[in-house]
1. Could you work out how far the C-alpha centroid of region 1-36 sits from that of region 209-227, in angstrom?
2. Of 69, 219, 93, 104, how do they rank once you tally other Cβ atoms within 10 Å and put the fewest first?
3. If neighbour count is taken as other Cβ atoms inside 10 Å, put 214, 67 in order from fewest to most.
4. With the contact rule set at Cα under 8 Å and sequence spacing of 6 or more, what percent relative contact order holds for region 4-120?
5. How high is the relative contact order of the chain, given as a whole-number percent (alpha carbon pairs under 8 Å, six or more residues apart)?
6. Tell me the Kirkwood hydrodynamic radius of region 17-67 in angstroms, computed as one over the mean inverse distance between distinct C-alpha pairs.
7. In deg cm²/dmol and to the nearest 500, what is the mean residue ellipticity at 222 nm of the chain if only DSSP H runs of at least 4 residues count, each as -39500 (n - 2.57), divided by the residue total?
8. For region 4-120, go through all pairs of different Cα atoms, get the mean of 1/r, take its inverse, and jot down that Kirkwood value in Å.
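Computed from the coordinates by the stated procedures, all read-outs in this text should not be read as laboratory data. Please read these numbers as outputs of a predicted model, since none were measured by experiment. A quick note on method: Cβ atoms are made from the backbone with ideal geometry, for glycine too, and the neighbour counts reach across all protein chains shown.
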C-alpha cells in the first residue's frame, strides 16, 4: 500500500508540471524556440526524476493503477528527462507534460486514494504464494541502423547460445512504443538495452543514442523487469536516472570482449546459473 504522504507528493507533482509549462510559455513565446534556460531544464529534470522514482519505480502502485498507464507515464517522464539533457524546443516539453497531466487525477491519484482508504477499513488475510520461477527470457531493444547489425547479432547470439529465449522489437513506425513491442516486453523477464551511437553531439566527442531504445527501457522499468544495459563508448547518456543501473560499455572494434562481460552481468543481475 502507498502511504498518504507519498500520494500527496504524487498529487503535487501534477501541479508542479503545470507550473513548469506556464513558466516555459512565459519565457519562450514561440513553441519552436529551444529551451536553453538552465533553471527550467533543471526543474524539468527534477520533476522527471521524481516521476520515475515515485511512480514508475514503485511496483506497489500497480495494485491500484493500471500497469499500462504506469508504463506510459514512465515513458513520458523519461522523455522529459532526456529533453532536459540537451537543447529541446518548447513544444516537445509541452507534448509530454500535457500527456502526463491529462488523466493524471482520474487514473492515478483517485485510484491510489481509494486503495489507501480501502486498506484502512479492511482486514487483509495472509496469502501463501509459491516462490517465483525465474524465466530465462529476454527482450533485446536495439537500433535498426545497418552500422549496429554486428553488435545486435553478437548480443542476441550470445544469449541464445547460453540458453536464453530472446525476443527483439521491430523498426519503430510511430512516436510511441508499438502494441506489438509492448506485448513482447511484457512477456519477458529481462530487458537488454543496446545503446549504440546515433547522432554526434555538436563540438563534442559524444553521441546521442536511439530514443526508441530509451523509451523501451522506460516501459520495461515500469513493468518491473530486470534491466541489462549495454552502452557503446562515446554515448553521452542512456536516459539519466536509470544510469544508476549497472551497465557494460563496449566498443564495436572489440566485440569479442562483449560476450563474457554480458553473461557475467546477467549472473550478477538475475542470479542465473
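1. Cα centroid to Cα centroid, the span is 23 Å.
2. Values: 69 18, 219 27, 93 24, 104 21.
Sorted ascending by nearby Cβ count, the order is 69, 104, 93, 219.
3. Values: 214 24, 67 15.
Least crowded to most crowded, the residues run 67, 214.
4. Working: 107 pairs, mean separation 45.0, N = 117.
Answer for region 4-120 is 38 percent.
5. On the way: 372 pairs, mean separation 50.5, N = 273.
Once divided by the residue count of the chain, the mean separation gives 18 percent.
6. Working: mean 1/r = 0.0787 Å⁻¹.
Value: 12.7 Å, from the Cα pair sum.
7. On the way: 9 runs with 127 residues, N = 273.
Per the formula, -15000 deg cm²/dmol.
8. Working: mean 1/r = 0.0687 Å⁻¹.
That comes to 14.6 Å for region 4-120.
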